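Shown next, in structure tokens, is the structure this report addresses.
The values are calculated or read from the model by the stated rules, or taken from the named source; none is laboratory data. This is a predicted model, so every value here is computed, not measured. Neighbour counts run over all protein chains shown; Cβ positions are idealised from the backbone, glycine included.
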Amino acid sequence: MATADAGSLPVGFRQRRRARAQPARAPVVAGRGRARAVTDQAIAHARSSRPRFVEDLAAFVRFPSVSAQPRHAVDLRRCAAWLADHLRSIGLEHVRVVHTPRHPVITADWLHAAGALTVLVYGHYDVQPADPLEEWRSPPFDPALRDGCLHGRGAADDKGQMLVHVKAIECWLGATGALPVNVRCLFEGEEEIGSPSLDGFLMDNTDAWQADAAVMSDMTMLDRNRPAITESLRGALSVELECRGQRHDLHSGNFGGAIHNPLQVLCDVVAALHDGRGAVAIPRFYERVRPPTRAQRAYMARVGPSDEQVLRDAGARVGWGEPGFSLYERIAVRPALSVNGIVGGYGGAGAKAVIPARATAKLNFRLVPDQDPAEIDTLLRSFVSRISPPAVEFGVRTLFRAHPFTLRGDDRVVRAARAALHKGFGVLPCLVRSGGTIPVAHLLQEELGIPTVLMGLASPDDAMHGPNERFCLKTFFQGIEASIHFLGELGGGARCG
């Protein structure tokens with residue numbers, strides 16, 4: 001293992017259980033000087049614990065907790081058990097592993113800060129599939145240190161970012177014996193598949209999730225040195241199209257030119273989803289889309305990434321998409337449709353003269369405020385039905401839906417996040433718009449009424465969802481300090497309601 005520039009690291013990650021001392025110190029009391037002193041104690045604890053924190057992150061990343069693949073269900077349960085054990089070890093209470101129809105939810109709390117605010121900390125421990133495996137420089141679930149970054153699937157999305165807040169809690173409890181706020185933790189294992197179990201889990205017992213603020217980190221900064229607060233997220237709709245033709249595969253010499261090819265039809269339909277300019281061609285798709293204002297576009301141009309930076313982060317030479325917008329605007333404030341995969345026919349070595357009986361395509365929509373994923377689902381189905389030829393049948397299976405998110409947090413929560421990121425990174429954060437989707441953000445803010453702040457901590461080039469995903473250790477350590485400050489900044493507020 002190489003040595004990172006942020007501090008001395010051990011020569012090999014060791015998975016071991018350590019008894020973590022919880023010194024009995026006086027809880028946080030009022031007074032700016034006292035608050036600063038105890039915050040400094042938590043920061044000092046974080047800096048002295050960096051090598052151990054990296055070991056814990058590596059142990060967390062080792063679990064192949066791929067929620068989309070049923071064969072990893074046991075790995076998700078093992079990962080949930082590890083996380084629950086870790087939360088207990090740092091001093092959190094009432095730790096529970098709650099089984100759902102799919103993957104467990106882990107809850108925990110610490111509720112001894114009388115009269116203080118209650119903060120809900122959200123994160124997810126499930127990860128994307130690691131395919132294509134041949135493009136990884138090191139095995140995706142055998143974390144490796146290179147160039148000051150920890151490489152492995154889930155390192156940035158979302159295990160590293162989530163662990164930032166867990167470690168901030170650990171530092172407060174380890175250094176002072178108390179937290180400046182009350183804390184509830186909610187960690188799920190289904191975010192990467194649309195959080196299908198979370199809505200029912202939360203809505204079945206809304207009183208247990210009352211909080212004055214929620215914080216999550218599952219998005220990117222502007223770059224490694226420019227922290228950001230995310231003010232909007234796109235919603236999502238994922239579907240699978242299946243085109244079915246004849247009863248079985250056919251010899252293309254015997255039937256080619258006489259029987260329509262379902263794979264060809266599927267390709268024609270997929271091609272028809274966009275026009276020649278790169279805009280989505282489904283009728284009424286843009287009907288509810290709000291165009292960005294001139295002021296919004298000016299701000300995004302001033303603080304956001306340039307087209308060149310977007311291309312560099314993507315590893316691409318040329319941009320593409322809806323005309324009239326910058327690449328950042330296309331990502332952040334315009335909807336999009338991506339083809340995630342097509343399967344059909346023969347893909348092995350050599351040739352096979354075949355007309356496949358069926359073919360499938362996976363599609364993903366990213367939606368902006370006022371677009372309803374259920375309505376877009378209906379528009380897609382109607383469009384496919386209208387343009388498909390009578391020789392085949394189409395089936396459309398909805399995989400998941402998620403609503404867009406727009407920041408409506410109260411001023412003190414946003415101010416606390418802004419001050420905390422400034423202290424942690426030494427640079428004032430910007431407000432950014434993200435093209436990603438986090439289903440729970442809408443649920444917490446709109447359904448439960450909890451002001452929710454999104455503090456992105458991954459870099460745009462951390463390869464989230466791609467091969468060689470990584471999380472920079474410098475950012476990991478700065479994020480922990482920012483989270484420590486965030487809890488401290490909120491610690492002086494009186495509890496709502």
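Checking each residue in the stretch 247-259 for being over 19 Å from Ala361 (Cβ atoms) and of a type outside the set (Ser, Thr, Tyr) picks out Arg247, His248, Leu250, His251, Gly253, Asn254, Phe255, Gly256, Gly257, Ala258, Ile259. If a residue must be under 17 Å from Gln445 (Cα atoms) and either surrounded by 21 or more Cβ atoms within 10 Å (Cβ to Cβ) or not hydrophobic (A, V, I, L, M, F, W, C) (or both), how many such residues does the stretch 195-208 contain? Looking only at that region, the number is 8. Of all residues in the stretch 318-344, those satisfying the criterion of being aliphatic (A, V, I, L, M) and either over 24 Å from the mean Cα position of the chain (by Cα) or more than 19 Å from Leu367 (Cβ to Cβ) (or both) are Val318, Ile342, Val343.
A count restricted to the stretch 146-165 and to residues that are hydrophobic (A, V, I, L, M, F, W, C) and under 11 Å from the mean Cα position of the chain (by Cα) stands at 2.
Just one of the listed residues (Gly174, Gly123) is in a strand (DSSP E or B) and among the small types (Gly, Ala, Ser), and it is Gly123.
Selection of first residues in the stretch 459-482 that are at positive phi and of second residues that are buried (at least 24 other Cβ atoms within 10 Å of the Cβ) and part of a loop (DSSP other than H, G, I, E, B), restricted to Cβ pairs under 6 Å at least 6 apart or on distinct chains, gives the following pairs, ordered by first then second residue: Ala463/Glu469.
Against the condition hydrophobic (A, V, I, L, M, F, W, C), modelled with pLDDT of 95 or more and outside any helix (DSSP H, G or I), how does Val29 come out, does it pass?
Values: hydrophobic (A, V, I, L, M, F, W, C): yes; modelled with pLDDT of 95 or more: no; outside any helix (DSSP H, G or I): yes.
The answer is no for Val29.
Answer yes if at least one residue in the stretch 135-156 is over 30 Å from Cys267 (Cα atoms), in the same structural domain as Gly115 (by TED's automatic domain parsing), out of contact with any Phe, Trp or Tyr (no Cβ under 7 Å at 6 or more places or on another chain) and at pLDDT below 95, and no otherwise. Looking through the stretch 135-156, at least one residue is over 30 Å from Cys267 (Cα atoms), in the same structural domain as Gly115 (by TED's automatic domain parsing), out of contact with any Phe, Trp or Tyr (no Cβ under 7 Å at 6 or more places or on another chain) and at pLDDT below 95.
The set of residues in the stretch 110-125 that are touching a residue at least 40 places away in the same chain (Cβ under 8 Å) and surrounded by fewer than 20 Cβ atoms within 10 Å (Cβ to Cβ) comprises Leu111, His112, Gly115. Of the set (1) in contact with a Gly (Cβ under 8 Å, 6 or more places away or on another chain); (2) closer than 24 Å to Leu454 by Cβ; (3) of a type in the set (A, V, I, L, M), all apply to Ala144 but (2). Report whether or not Val453 is of a type in the set (A, V, I, L, M, F, W, C), part of a loop (DSSP other than H, G, I, E, B) and at pLDDT 90 or above. Judged against the criteria, Val453 is not a match.
Do you know which residues across the stretch 456-480 are over 18 Å from Glu231 (Cβ atoms) and in a loop (DSSP other than H, G, I, E, B)?
The initial filter retains those residues of the stretch 456-480 that are over 18 Å from Glu231 (Cβ atoms), namely 459, 461-480.
Those that are over 18 Å from Glu231 (Cβ atoms) and in a loop (DSSP other than H, G, I, E, B): Ser459, Asp461, Asp462, Ala463, Met464, His465, Gly466, Pro467, Asn468, Glu469.
Within the stretch 292-305, can you find the residues that are outside any helix (DSSP H, G or I) and either touching a Lys or Arg at 6+ places or on another chain (Cβ under 9 Å) or within 20 Å of Ala463 (Cβ to Cβ) (or both)?
Residues satisfying the conditions are Pro292, Gly304, Pro305.
Count of the stretch 430-450 residues, restricted to those that are part of a helix (DSSP H, G or I) and surrounded by fewer than 21 Cβ atoms within 10 Å (Cβ to Cβ), is 4.
Restricting attention to the stretch 305-344, the residues being crowded, with 17+ Cβ neighbours inside 10 Å and of a type in the set (S, T, N, Q) number 1.
Okay, residues lined up against (1) modelled with pLDDT under 95; (2) surrounded by fewer than 16 Cβ atoms within 10 Å (Cβ to Cβ):
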{"site": "Leu363", "(1), (2)": "no, no"}
{"site": "Arg366", "(1), (2)": "no, no"}
{"site": "Asp370", "(1), (2)": "yes, yes"}
{"site": "Thr378", "(1), (2)": "no, yes"}
{"site": "Phe383", "(1), (2)": "no, no"}
{"site": "Gly409", "(1), (2)": "yes, no"}
{"site": "Arg412", "(1), (2)": "yes, no"}
